[in-house]
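Here's the structure, in structure tokens; my notes come after.
The values are calculated or read from the model by the stated rules, or taken from the named source; none is laboratory data. Predicted model only: the values in this text are computed from it and were never measured. FYI the Cβ positions are ideal-geometry reconstructions off the backbone, even for glycines, and counts take in every protein chain you see. Note: areas computed on protein heavy atoms with side chains; ligands, DNA, RNA excluded. Shrake-Rupley method; radii C 1.70, N 1.55, O 1.52, S 1.80 Å.
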Amino acid sequence: MFSDTLKEVLRAVASVMQVPVMIVLLLLMVVTVIMLGSIVMEYFTERRRMKAKIPSLVDEIQGKNTDELKTLVEESGLLKRQKAALLKVVERKNLSDDTKDALARQIIFQEQAYYEKVSKITDVIARIAPIFGLLGTLIPLGPGLIALGQGDTKTLAASLLIAFDTTIAGLISAAFAYLISSIRKRWHEEYIVALETIMETILEQQSEERGER
């Protein structure tokens with residue numbers, strides 16, 4: 001008797017969860033579509049316009065004073081975030097070498113945190129979408145099996161349709177989210193390495209400029 005009650009409770013909980021699971025899957029798909037649009041926009045608005053060749057830019061920095069460095073950074077083909085980060089260091093020319101090194105590390109850390117935050121959205125979707133897809137698959141199978149035992153093929157077909165749809169929704173969301181994360185992480189790694197290279201070159205150049213005074 002007690003076990004029957006537990007079974008009924010579990011069945012009721014599973015039935016109640018069906019609608020929330022489907023809503024979550026729809027939200028995950030919407031967010032995935034938004035993130036897909038954002039990466040396409042990032043490619044056409046920023047990445048394609050990023051024309052800076054890091055070795056050439058490093059060569060151009062050599063022998064430049066602070067004012068010239070500022071102009072060079074502003075007119076370079078770097079991303080807006082990279083320019084803003086570099087200018088924070090360039091404009092603080094009166095700081096000591098140790099202080100500027102610490103500031104540069106802090107700025108790079110902030111940029112890494114920003115890019116990790118952007119990629120984390122699709123990382124989470126790639127992990128949880130299959131889970132919710134599986135939940136959406138298993139929950140309607142209970143009523144479907146009961147209907148099968150009663151010869152109700154219509155209810156069985158409806159349950160199986162929901163199961164297949166939720167599985168597909170979860171897998172599609174996870175697949176696209178994983179793809180977006182992979183591309184973004186590769187791009188962001190390139191951005192950070194480029195930023196670190198230019199930042200170090202600027203610090204060395206400003207240190208030499210102070211030493212010549």
Counting only backbone N atoms under 15 Å from a point 7 Å out along Cα-to-Cβ of residue 11, the residues of segment 128-148 in range are 139-148
Taking Cα atoms only, helix 2-42 is inclined relative to the longest principal axis of the chain by an angle, in degrees rounded to 10, of 30
If each part is reduced to its alpha-carbon centroid, segment 121-146 and segment 29-83 end up apart, in Å, by 40
Taking a probe of 1.4 Å and leaving out DNA, RNA and ligands, the chain shows per residue an accessible area in Å² of 62
In nm, the gap between the two label points placed 7 Å beyond Cα toward Cβ at residue 97 and residue 127 is 4.3
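From the cross-link list 100/120; 83/117; 70/93; 53/83; 53/120, which pairs have alpha carbons spaced over 22 Å apart?
Beyond 22 Å between Cα atoms: 100/120; 53/120.
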Of every hundred units of 1.4 Å-probe accessible area on the chain, the number belonging to carbon and sulfur atoms, as a percent, is 64
Residue by residue through segment 168-179, the couplings from Karplus 6.51 cos²θ - 1.76 cosθ + 1.60 with θ = phi - 60°, in Hz, x for Gly and Pro, are 4, 4, x, 5, 5, 4, 5, 5, 5, 5, 4, 5
To the nearest 0.05, the calculated FRET efficiency linking residue 138 and residue 33 through their beta-carbon distance, R0 being 30 Å, is 0.70
